[in-house]
Amino acid sequence: MSNEILYILLPDFAEHEMVYLAEAIASDEFSLKENPKYINKFVASTLDPIKSIGGFRIMPDYSFDTMPDDYAALVLIGGFGWVTPIADKVVPIVRQAIVENGKIVGAICNAASFMAKHGFLNDVKHTGNGIDQLKLWGGENYTNHTGYVHVQAIGDKNIVTANGSATLEFAKELLLLLENDTPERIEMYYQFNKQGFCALV
């Protein structure tokens with residue numbers, strides 16, 4: 001199994017929603033990891049630079065056409081691109097990841113609503129930007145209303161979902177599922193960033 005974590009970025013993606021996860025993958029509290037368990041890679045519709053909501057531009061490592069078939073996890077970062085036609089190109093990628101390969105898939109904010117829209121949340125406990133948005137986006141394809149849990153983030157059957165304010169909780173759930181570190185150290189990372197330096201030191 002490849003150790004790459006693939007972040008799906010659409011135009012006007014929410015850059016802050018991947019910060020805690022990407023940081024914990026690449027570094028510990030002291031420095032960059034010499035031999036990280038996983039490697040962060042970015043995927044977009046093309047290999048051209050892709051702009052975030054804040055105006056940052058990231059050069060993708062892969063396009064939808066060149067991304068590998070094997071990877072450790074697929075992470076859908078939220079933002080405004082999930083309401084555009086480009087999002088339709090992600091459907092077969094997610095379907096292959098979940099249905100065919102049983103991969104770990106994370107979706108935060110509008111990406112969780114995208115998951116509801118295409119029926120990917122119908123067999124798992126999940127959350128997102130509220131049940132009303134999931135129903136609105138999901139329409140007839142979203143049949144698992146009772147599976148919605150009103151929490152910041154939740155993982156079930158290799159799928160992690162979160163609302164747009166749950167960047168840190170999203171990271172924690174994925175880090176645990178990926179076994180990126182011991183549960184104790186992942187909890188320490190979570191609490192340090194949640195409570196702050198002054199509260200803990």
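Taking a ≥ b ≥ c as the square roots of the Cα gyration tensor eigenvalues, the stretch 89-147 comes out prolate, since a/c reaches at least 1.5 and a/b is larger than b/c. Taking every DSSP beta bridge that has both ends in the stretch 4-200, the antiparallel portion is near 30%.
In this simple spin-label approximation, M188 and K41 carry label points 7 Å from Cα along the Cα→Cβ vector, and these lie 3.1 nm apart. Contact order, relative form, for the stretch 1-88: 45 percent (alpha carbon pairs under 8 Å, 6 or more residues apart, mean separation divided by residue count).
For the chain, the dipole from Cβ point charges (+1 on Lys and Arg, -1 on Asp and Glu) about the Cα centre works out to 360 debye, to the nearest 20. Length available on full extension from S63 to K89: 0.36 nm per residue minus the Cα-Cα distance, which gives 8.3 nm. The amide H of V160, built 1.01 Å from its N in the peptide plane, has V105, G106, A107 as neighbours under 5 Å, considering only residues 5 or more places off or on other chains. Taking all Cα pairs closer than 8 Å and separated by 6 or more residues, the relative contact order of the chain comes to 19 percent. Over all projection directions, the Cα-based convex hull of the stretch 34-78 averages an area of 4.1 nm². Between G79, I8, A22, the Cα set farthest toward the positive side of the dipole of the chain (charges on each charged residue's Cβ, about the Cα centre) is that of G79. As an equivalent ellipsoid, the chain spans semi-axes of 25, 20, 16 angstrom, where each value is the square root of five times an eigenvalue of the C-alpha gyration tensor, largest first.
Cross-link partners for K51 among the lysines, with Cα-Cα distance under 19 Å and sequence neighbours closer than 8 places in the same chain left out: K41, K89. In straight-distance terms, cross-link reach from K194 covers every one of the lysines whose alpha-carbon lies under 25 Å from its own, apart from those fewer than eight places away in the same chain; here that gives K33, K37, K125, K172. Rounded to the nearest whole Hz, the Karplus-based 3J(HN,Hα) values (6.51 cos²θ - 1.76 cosθ + 1.60, θ = phi - 60°) of the stretch 53-61 follow the sequence 4, x, x, 6, 10, 10, 8, x, 7, with x at glycine and proline.
Values in this text are rule-based calculations from the coordinates and carry no lab data. Keep in mind it's a predicted model, so treat the numbers as computed, not measured. For neighbour counting, all protein chains shown are included, and Cβ atoms are generated from backbone atoms with ideal geometry for every residue, glycine included.
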